[in-house]
Number of protein chains: 2
Amino acid sequence: MKNMFTQSEENYLKAIFHLQEEAGEGVSTSALAELLETKAASVTEMIKRLANKNLVDYKKYYGVQLTQTGRKQALTVVRKHRLWESFLVERLNFNWDEVHEVAEQLEHIRSPKLVEELDRFLGRPAYDPHGDPIPDASGNLPKAPKKRLSQLKEGQKGVCKGFNDASSAFLKFLDDQDIGMHTEMKVMQIQSFDESMTVQVGKRQVLLSKTATDNIYVED
Amino acid sequence: MKNMFTQSEENYLKAIFHLQEEAGEGVSTSALAELLETKAASVTEMIKRLANKNLVDYKKYYGVQLTQTGRKQALTVVRKHRLWESFLVERLNFNWDEVHEVAEQLEHIRSPKLVEELDRFLGRPAYDPHGDPIPDASGNLPKAPKKRLSQLKEGQKGVCKGFNDASSAFLKFLDDQDIGMHTEMKVMQIQSFDESMTVQVGKRQVLLSKTATDNIYVED
DNA sequence: ATAAAATATTAGCTTTGCCTAAATTTTAAT
DNA sequence: ATTAAAATTTAGGCAAAGCTAATATTTTAT
């Protein structure tokens, strides 16, 4: 069968896509290994398989990049992932910090009709519950140029529009601080020695590390 | 991890369950091989794995039966399959004859919360779009004693309540004859030489082979 | 410039799940 | 009761995808 990829292959394509998005250029074996929670040796092996199928360009020792075909395939997986996340949160009462794991499974379901109907059923959403854009059926990704909370200066305000680190721990932490999508925040103070920030959220003040503020996207 | 089964294992458990339902007693290697579209040798192998995990009782050359644990697991898969079929038909505009393949994939998604919320979202349906009962969360299956259309006598009426053969071809055939869930039918004539039936459906008369009438369940 | 450290790749093994061919057991037919 | 046919199991392979240990290449630090 043509156009059929294993779950593992799809996971690699998606991972390469994400790493390429933020780092650009060639994606390293070790970065992939870390993201996919596997060993470098296994990554090398899979990369060769993908290269044989013309899904990636691979030059030994110099990392890997998606081809046009590979990128297209990665985008259909991302699309499915984000549509399912939307479904889980908006129709099935999932909290936005507990959808990731299930969406990782659902994203591999093969059925063009299912994806199309799900999209329609949800009212063709443009963004998922984490504020990430949902690619359309032809693989166009409406990329809003994102600004990090860490880029704001003291006194500036921003509205939370997304998160980079979608780990359950991070999202739970944010929830505890009453920070979520569309939450308004004002930068009160920035510590020069570690770049941590004191931020006004509603009537509370919250201290956020540089790691945290790097992972929160805002619109001002 | 305990309580974790591969997709393949789940497929075998479900297949054994279905064959046990209609044939009772021990399920033969060849019956499984045919249903699962695989070879007898592969079945034997898998059966041994399942026996080691105490999901089935197996006596060489004498077929296989589910243990309590195995039956329970099979029922959770059946539950998921039928809930997803309901979702596809009732919310995503799928036709009841095109859901099977997709549900075969969705039934393997692992997430107790997802199943519970899906059930709630659908209004805790008791039957799936084919008229088959949906097991509840604790694995209780409300079994309505089913009667086959082929068991009716001339002149008797019946209301269609389910189908045994869920093949796409069969379901499409029924659709073409305007026969679906809850369709009322009246037996006009039975051919003695091949047991085929002439049936009144709405204002049309339809000729159904014995094979067909054996696979249509009715309530009278 | 070169040695040490960090990265990447290869080689060889493991498990799952399937296959074919050969051997065994059960069942059916004389 | 034998024996042929049918069903089942065993033996030996194969591909996907992972792992560890050993080797090779690139980068970094002296």
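Ascending distances from the B:Arg91 label point to its copies in the other chains, with the point 7 Å along the Cα-to-beta-carbon line: 0.4 nm.
Positive contributions from Lys and Arg (+1) and negative ones from Asp and Glu (-1), summed over other residues with Cβ under 14 Å from the Cβ of B:Arg124, come out at -3. Sorted largest first by accessible area at a 1.4 angstrom probe radius, with every protein chain in place, the residues A:Leu83, B:Leu66 fall in the order B:Leu66, A:Leu83. log10 I(q)/I(0), Debye, Cα-only segment A:60-105, no solvent, q = 0.29 Å⁻¹? Log10 I(q)/I(0), no solvent term: -0.96. Could you compute the FRET efficiency for A:Ala23 and B:Tyr61, with r as their C-beta to C-beta distance and R0 at 56 Å, rounded to 0.05? Efficiency, from the Cβ-Cβ distance: 0.40. Counting, for every residue in B:6-17, the Cβ atoms of other protein chains within 10 Å of its Cβ and taking the mean gives 0.
I want to verify a result. In a Gaussian network model of chain B, Cα cutoff 10 Å, which of these has the top mean-square fluctuation: B:Leu207, B:Leu149, B:Leu75? Largest GNM mean-square fluctuation: B:Leu207. Only lysines eight or more places from A:Lys146 in sequence, or on another chain, were considered; those with a Cα closer than 25 Å are A:Lys14, A:Lys72, A:Lys80, A:Lys157, A:Lys161, A:Lys172, A:Lys186, A:Lys210.
Taken about its Cα centre, the protein assembly as shown carries a charge dipole of about 360 debye when Lys and Arg each add +1 at the Cβ and Asp and Glu each add -1 at the Cβ.
Annotation: extensible slack from A:Lys203 through A:Ser138 equals 19.0 nm (criterion: 0.36 nm per residue apart, minus Cα-Cα distance). Between B:Lys53, B:Lys157, B:Lys172, the Gaussian network model of chain B with springs among Cα atoms under 10 angstrom shows the greatest mean-square fluctuation at B:Lys53. The sum of -39500 (n - 2.57) across all DSSP H runs of n ≥ 4, divided by the residue count of chain B, sets its helix-only mean residue ellipticity at 222 nm to -12500 deg cm²/dmol.
Per-residue surface analysis assigns B:Phe121 an accessible area of about 40 Å², computed on protein heavy atoms at 1.4 Å probe radius. Please find, in a Gaussian network model of chain B (springs between Cα atoms separated by less than 10 Å), the residue of B:Ala166, B:Ala74, B:Ala23 whose mean-square fluctuation is greatest. Looking only at B:Ala166, B:Ala74, B:Ala23, the largest GNM fluctuation is found for B:Ala23. Taking Cα centre as origin and charging only the Cβ of basic (Lys, Arg, +1) and acidic (Asp, Glu, -1) residues, the dipole magnitude of segment B:7-66 rounds to 320 debye. Chain B against chain A buries an accessible area of about 1800 Å², both chains summed, 1.4 Å probe radius.
Taking every alpha-carbon pair in segment A:1-124 and binning the separations at 10 Å intervals from zero gives 13, 41, 31, 14, 1 percent. Here the label points at A:His182 and B:Lys48, each 7 Å from Cα along the C-beta direction, are separated by 5.9 nm in the simple model.
Between rounded, prolate and oblate, where does segment B:147-219 land on the alpha carbon gyration tensor, with a ≥ b ≥ c its root eigenvalues, rounded for a/c under 1.5, else prolate if a/b exceeds b/c? The shape class here is rounded. Annotation: amide H-H contacts under 5 Å for B:Phe163 (H modelled 1.01 Å from N, sequence separation of 5 or more, or interchain): B:Tyr217.
Electrostatic tally near B:Asp220: other residues with Cβ closer than 14 Å to its Cβ, Lys and Arg +1, Asp and Glu -1, net +4. Accessible area per residue for segment A:52-189 is 51 Å², calculated with a 1.4 Å probe on protein heavy atoms, without ligands, DNA or RNA.
With R₀ set to 41 Å, the beta-carbon distance separating A:Asn95 from A:Lys153 gives a calculated FRET efficiency near 0.80. Each Cα pair of chain B feeds into the Kirkwood radius, which the Stokes-Einstein equation turns, at 10 °C and 1.306 mPa s, into a diffusion coefficient of 84 µm²/s. Relative to the longest principal axis of the Cα atoms of chain A, the long axis of helix A:40-52 makes an angle of roughly 60 degrees.
Direction-averaged projected area, Cα convex hull, segment B:68-196: 9.4 nm², rounded to one decimal. Note on B:109-120: average number of Cβ atoms from other chains within 10 Å of each residue's Cβ is 4. A rounded overall shape is assigned to segment A:7-66, the ratio a/c of its alpha-carbon gyration tensor axes (a ≥ b ≥ c) being less than 1.5.
If you keep only loop residues by DSSP, which trypsin sites (Lys or Arg not before Pro) in segment A:1-48 have at most 15 other Cβ atoms within 10 Å of their Cβ?
Within segment A:1-48, the qualifying trypsin sites (Lys or Arg not before Pro) (loop, at most 15 other Cβ atoms within 10 Å) are A:Lys2, A:Lys39.
The heavy atoms of A:Tyr58 present about 70 square angstrom of accessible area, all protein chains included, probe 1.4 Å.
Size of the protein assembly as shown from its Cα atoms: along the principal axes, largest to smallest, the extents are 93, 46, 41 Å. Dipole orientation for the protein assembly as shown: of the candidates B:Ser196, A:Met4, B:Phe163, A:Met4 has the Cα lying most toward the positive pole (charges on Cβ; Lys, Arg +1; Asp, Glu -1). Our note on the geometry: Cα centres of segment B:1-58 and segment A:13-51, 37 Å apart.
Computed from the C-beta positions of A:Ala41 and B:Lys210, the FRET efficiency with R₀ = 60 Å rounds to 0.50.
The values are calculated or read from the model by the stated rules, or taken from the named source; none is laboratory data. This one's a predicted model, so the numbers in the text were calculated from it and none came from an experiment. Cβ: placed from backbone, ideal geometry, glycine included. Neighbour counts: every protein chain shown. For the accessible areas, the whole protein counts, side chains as well, though only heavy atoms, and no ligand, DNA or RNA atoms are used. Shrake-Rupley method; radii C 1.70, N 1.55, O 1.52, S 1.80 Å.
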